[in-house]
1. Restricting to the range 21-51, what's the tally of residues that are closer than 17 Å to residue 84 by Cβ, modelled with pLDDT of 95 or more and among the charged types (D, E, K, R)?
2. Residues in the range 6-21 that are among the small types (Gly, Ala, Ser) and either touching a Pro at 6+ places or on another chain (Cβ under 7 Å) or part of a loop (DSSP other than H, G, I, E, B) (or both): how many?
3. Can you name the residue in the range 71-98 that is in a loop (DSSP other than H, G, I, E, B) and on the phi < 0 side of the Ramachandran plot and is also modelled with the lowest pLDDT among such residues?
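The values are calculated or read from the model by the stated rules, or taken from the named source; none is laboratory data. Quantities reported herein were computed from a predicted structural model and do not represent experimental measurements. Note that we place each Cβ from the backbone using ideal geometry, even for glycine, and neighbour counts take in every protein chain shown.
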Amino acid sequence: MTVLPDTGFVPSAEDRASLDAWFAAYDSAGAGRDIGRMADMAVFPLNLVSDDSNGDGRTAQWTREQFIDTMSQVMGEGGDETISFDSTRTPVFLSPSMAVVFTDSTMTMGEEKRQLRYADILVRRGGTWAFQTMIQSGWGDALN
């Protein structure tokens, strides 16, 4: 008989701080349009979960190149407008090395503001966090 492990992990302050530091670095890379650095902070193939304009759920896996191409189109390359993020994150730690993070964010690019709600699944390997799954509405048409 297989004995199931205890999965009632409670993160320490250090666990939470390490995740917060990862997101601060990721947001900084995003604000600087450093898409290569953003890609360095992921595990590929990267899983994506979204929905399309017909309301159907969609999934895909992106290579590093697909991530860079898509994010370059979405964020623009080297634009003059500054990008900033004001985010509230709610992490759910499944273990010391796995977390699902729910985010409500306002992305400001120049005069334009966008409200974002998404979730990421992150894994910690060798003491470093990396995102492995992105879950956000509205990307599905680009996943076909």
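1. Within the range 21-51, residues that are closer than 17 Å to residue 84 by Cβ, modelled with pLDDT of 95 or more and among the charged types (D, E, K, R) number 1.
2. Of the residues in the range 6-21, 2 are among the small types (Gly, Ala, Ser) and either touching a Pro at 6+ places or on another chain (Cβ under 7 Å) or part of a loop (DSSP other than H, G, I, E, B) (or both).
3. 77
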